[in-house]
Amino acid sequence: MKILSTLNQLAGAMVSLVLLAILGAVGWFLVRTQIGQWAIEARLAEREAQVQSLQNELDSSRKQIAALNKDLEAKLLEIQRLDTALRLLKVDHRVAQIDVISQQGSAETKDLTTTFSFVELDGSGKPIEKPRLFTVQGDMVYVDALVVKFSDEAVEVADPLRATSFCLFRRVFGEHQQPKDGFPLDPVGDQPAAYRGGREPSDFERDIWSKFWHYANHPEEAAKKGIRAAHGEAPFQKLVPGKRYKVLLRSSGGLSFSTEDLPLQGSDKAM
C-alpha cells in the first residue's frame, strides 16, 4: 500500500510538472507573441511617421512650387509690362501729313510762296478727311497744336487711355504770318478732325480738351489725371518741293517731323 501511495504521489508530481511545463510554454509563446506584436506596432508607427514626414515634405514642396510659379508669373507679367512700356516710349504715331504741292517766286526777290496740303491721320496712318490746301509766304510752316503728355508711370503700365500723348491741332501758319492770322485746323467749338470719322471721344478725352488750359495751370489737378504736362507746341519745318513731311507724336514726348520723298503720281505707296 505504501508503495502504491508513493507511486500515486510520483505520478501526481509528474502530471503537475507536465502541466507546469505546458503552462510555461504557453506563457512563453504568449510573451513572445506580444513582444512581436509590440515590435510590429513599433515598426508600423515608425513607418507611419516616415510616411507622414514624406507627405509633409511633399506638401511643403508643392507650396514652394506654387509660390515659385506665382512669382514666375508675376515676373513674366512685369517683363511684358516693361517690354510694352519700352515699345510705347519709342513709338512714333503719325498724326498728320504735309505734302508740298508747289513753290512760286524766290527768297531773293522776296516773293516766295509755298502751297501745301495738310491732312490729319488716324492711328493706322490713313487720312481722316480730305487734304486741305494752304498757301503761305516763304517756305517755313509752323504747326500749332495742343499737346497733353502723361506721367511716365501711366505710359509704363500701358494704360490704354494714357499710353500715348494726346494732340489737338489748332492752326498752321507761315513764318511771315502772325500766329493769330494762321489757317485754323480745328477751331475752338468745332468737332476736331480726329473725331469726324465716326469715333466718339471718350469722357476722359472730352474732359481733357474742355479743361485743357485749366489743367495746364493747375498741375495738382492735372497730376490726379496722370497728366505730366499740358501746353501748346508749334514745331516748324522748311518745306521743299517734292517732299512729304509726316508730323509725329511720341508717347513720351511731343511733336516732330520726319521727311521722305513725295510719291510719284499714280504710285501705290501708302499714305
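Derivation of every value follows stated rules applied to the coordinates shown; laboratory data play no part. In this text the structure is predicted, and so the values were computed from the model without any measurement. Positions of Cβ are backbone-derived with ideal geometry, glycine not excepted, and every protein chain shown enters the neighbour counts.
Quick rundown of the values:
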| item | result |
| --- | --- |
| Per-residue Cβ neighbour rank within 10 angstrom, fewest leading, HIS214, HIS93 | HIS214, HIS93 |
| Stretch gain in nm, segment SER256-THR113, where the contour uses 0.36 nm per residue and the Cα spacing is subtracted | 49.2 nm |
| Net lengthening on full extension, LEU76/ASP59 (0.36 nm per residue, minus Cα-Cα) | 3.6 nm |
| Sites SER106 and ALA229 - FRET efficiency at Förster radius 35 Å, r taken between beta-carbons, to 0.05 | 0.30 |
| Pair ALA67, ILE40: separation of 7 Å Cα→Cβ label points (nm) | 4.3 nm |
| Entries of LYS180/LYS246; LYS180/LYS224; LYS180/LYS243; LYS75/LYS126; LYS63/LYS225; LYS149/LYS238 with Cα pairs more than 30 Å apart | LYS180/LYS224; LYS75/LYS126; LYS63/LYS225 |
